[in-house]
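Notes follow once the structure below has been shown.
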Amino acid sequence: MRKGIATVSLSGLLADKLAAVAAAGFDGIELFDNDLVASPLSPREVARRCADLGLTIDLFQPVRDLEGVAPERFGAVLHRVRTKLEVMAELGVTTFLACSHVGADARDDRDLSAEQLRRVGELAASYGVTVAFEALAWGRNLNRVGDAWDVVRRADHPAVTLAVDTFHLLARGDDGTALDGVPGDRIGFLQVADAPLLDMNVLEWSRHFRCFPGQGTLDVTGVVAAVLRAGYRGPLSLEVFSDAVREADPAGTARDAMRSLIFLEDQLAVVVDGPITSASLASAPPPPPRADAAFLEVTAGPGVPALLESLGFGVAGRHRSKPVTRWRNGRAQVVVNETPQPAGALPHALGVAAPAVEAVAARAKALLWPAVDRTRGAGEALLPGITSPSGLHVFVSAEPGAADDWQRDFDPSDADAHPDARPGAEAEIDAGWLGIDHVAVAVPPEHFDQEVAFFRTLFDLTPGSVEEFIEPHGRLRSRALRPADGDLRVVLNVEEVRPGRPRRSGITQVAFACGDVAAQVRAMRSRGVALMPVPDNYYVDLDARFGLDPEMLAELREHQLLYDRLGGGELLHAFTLPLPTGFHVELLERRGGYDGYGAAGTHVRLAAQAG
């Protein structure tokens, strides 16, 4: 399908926006009237600029408040429309977007609205132009797609069509079934936007929190699929407003927008049957069927070996061709990289095990996620690296034992023969840590949505809801993602702190699972690891909230463990103080299928670590 984007979806001046849109590979634009009004370029010059860049102008938008107008004022409406149609003639655009009336003086009379739209359609048709009418979600009287279609039908003019905007439709609680019975040739334009599910004024929600498909939680795919099944074959065009987009570089935004449409087409290829899929939709390689956390990579620095030893890790192997060492504690794996890192690079990376490594790399390329430059020795694992929007490097390994398993590149140390090489080694591994439970990644506010899209589109992780926590110097927004199959868990955090306080970036927390957290905490303390102190007030509160057995409460207090309970599941966990590596370690024990992250105690951790 043809891919388009509204110029309002990017920051900057019109000329800069056009260049960014063309560079990202879009076919066309929706030209926002304000962008044209503020531009020194004449309409004819804008048309020539677009033609030179290989862009079509698919829509002129918006022309507001054309219906439900007091009859004595409708002459002024026709004058305004006629003036804009003259501008459109110079632009060479043949469709304009008309929005439902939002003013307090809008008449609640559908026959009047239909008659006025019909007259606008007659005027538009005399210029060879079609009107695409949409119901704004905050429209005074017409605010649902069914309302707009009812008025379009009553207008009964071939130049008056329905505009479908996924945000407006979904924000009002409708879904793709709201378009049942609407013929595809009566849908004049399709605008696409996603958003997180928020309970707030719909106008503020639209203006500040729209995002590209794959970054939010609305069922954009379902609505677009319904439009395609109806027979619509026009552009698939993005219209997104948000504070982050308004502040971002337009070239970066355009790339994010393009990959969001590639992802949307990938989703549509699964749910849309028939010739649309084979003839119109370009599908990226599918996401991996599962994703597991494989290893944490840290940059070598003073004290790192001693730190790992104090945490219970031992050297498990050395890379055959690179200055990289593998450390292991039970099933938990940490890689120490002594290669000098470029200025500004994050000191940590994440290894993910996923089947079909080459397919994951091809999917990343199709979705325009940048690759990490790396050398690969003869016979070594493929291990492609992909850079997330926040700068985190994610390396993709095959599953353990496969040809592209990252561990095959390391010669095992004498003290760490393969488990099947010496009796009892497997039991020894099981006695230690069980592996990475999750990692927390600090991202800049402007990259929060993009980081969600990275893990969602590449590994098919499902994002949870956004949670907020108050910390001593600001606020923490957090969103967890995990796959349908596999143990990879990623928690994305945005630290909103007062001016002057530094924001952290990259991996700020790595949580390791274990079978007996109290025993592991005792062992860590015996090796001199400084663990986070927990105030006694916390345990008084635990008793009030959960009514724990006194012996269990005493054990938690003795070992300075945090506790949470959800349904029949329990979480016991402890934290180190911030380590020289830039992150802190969480050690946790999940009981009874507990599936959360201990949110109830997060404010206690934030306060302790701030001190």
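Among the residues of the range 448-473, the one identified as free of Cβ contacts under 8 Å to residues at least 60 places away in the same chain and under 10 Å from the mean Cα position of the chain (by Cα) is THR462. Working only within the range 337-359, note down all residues that are in contact with a Gly (Cβ under 9 Å, 6 or more places away or on another chain), more than 14 Å from SER397 (Cβ to Cβ) and surrounded by 17 or more Cβ atoms within 10 Å (Cβ to Cβ). Selection gives LEU346, PRO347, HIS348.
Conditions tested, residue by residue: (1) closer than 25 Å to SER310 by Cβ; (2) aliphatic (A, V, I, L, M); (3) modelled with pLDDT under 95.
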site	(1), (2), (3)
ARG504	yes, no, yes
ILE507	yes, yes, yes
PRO533	yes, no, yes
ARG545	no, no, yes
LEU562	yes, yes, no
GLY567	no, no, yes
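Quick test for you: out of ARG318, ARG290, ARG326, pick the one residue that is basic (Lys, Arg), over 29 Å from ARG482 (Cα atoms) and either part of a loop (DSSP other than H, G, I, E, B) or in contact (Cβ under 8 Å) with a residue 12 or more places away in the chain (or both). Walk me through it before giving the result.
Numbers: ARG290 fails: over 29 Å from ARG482 (Cα atoms); ARG326 fails: over 29 Å from ARG482 (Cα atoms).
When all the criteria are applied, what remains is ARG318.
LEU566 satisfies every condition listed in (1) on the phi < 0 side of the Ramachandran plot; (2) in contact (Cβ under 8 Å) with a residue 40 or more places away in the chain; (3) within 30 Å of the chain's Cα centre (by Cα) except (2).
Considering every residue within the range 118-130, establish whether at least one is polar (S, T, N, Q) and at pLDDT below 95. First the steps, then the outcome.
Initial filter on the range 118-130 (polar (S, T, N, Q)): 126, 130.
Now restrict to residues that are at pLDDT below 95: none.
Scanning the range 118-130, I find no residue that is polar (S, T, N, Q) and at pLDDT below 95, so the answer is no.
Go through the range 133-152 and give me each residue that's among the aliphatic types (A, V, I, L, M) and within 16 Å of PHE167 (Cα to Cα). Selection gives ALA135, LEU136, ALA137, LEU142, VAL145, ALA148.
Taking the range 41-81, which residues are among the small types (Gly, Ala, Ser) and surrounded by 14 or more Cβ atoms within 10 Å (Cβ to Cβ)? Quick ask: steps written out before the conclusion?
Here is the first cut: in the range 41-81, the ones among the small types (Gly, Ala, Ser) are 42, 47, 51, 54, 68, 70, 75-76.
Passing the criteria: ALA47, GLY68.
Take LEU587 and decide whether it is under 16 Å from ALA440 (Cα atoms), in contact (Cβ under 8 Å) with a residue 40 or more places away in the chain and among the aliphatic types (A, V, I, L, M). Spelling it out, LEU587 is indeed under 16 Å from ALA440 (Cα atoms), in contact (Cβ under 8 Å) with a residue 40 or more places away in the chain and among the aliphatic types (A, V, I, L, M). State yes or no: is ASP147 within 17 Å of LEU66 (Cα to Cα) and either assigned to a loop (DSSP other than H, G, I, E, B) or not aromatic (Phe, Trp, Tyr) (or both)? So ASP147 passes the test. Taking the listed residues LEU261, LEU268, the one that is touching a Lys or Arg at 6+ places or on another chain (Cβ under 7 Å), of a type in the set (A, V, I, L, M, F, W, C) and over 30 Å from PHE410 (Cβ atoms) is LEU261, with no other qualifying.
Please identify the pairs in which a residue from the range 247-270 that is within 18 Å of LEU14 (Cβ to Cβ) has its Cβ atom under 7 Å from the Cβ atom of a residue that is β-branched (Val, Ile, Thr) and assigned to a helix (DSSP H, G or I), counting only partners at least 6 apart or on another chain. Filtered contacts from the range 247-270: THR253/VAL245; ALA254/VAL21. Taking every residue in the range 359-378 that is in contact (Cβ under 8 Å) with a residue 40 or more places away in the chain and pairing it with any residue that is aromatic (Phe, Trp, Tyr) and part of a helix (DSSP H, G or I), at least 6 positions away or on another chain, the pairs with Cβ-Cβ distances below 7 Å are LEU367/PHE263; TRP369/PHE454.
Which of the residues spanning the range 162-196 are aliphatic (A, V, I, L, M) and assigned to a strand (DSSP E or B)?
The initial filter retains those residues of the range 162-196 that are aliphatic (A, V, I, L, M), namely 162-164, 169-171, 178-179, 182, 187, 190, 192-193, 195.
Matches in the range 162-196: LEU162, ALA163, VAL164, ILE187, LEU190, VAL192.
The values are calculated or read from the model by the stated rules, or taken from the named source; none is laboratory data. As the structure is a computational prediction, the values presented were derived from the model and not from experiment. Here Cβ is always computed from backbone atoms with ideal geometry, including for glycine, and neighbour counts include all displayed protein chains.
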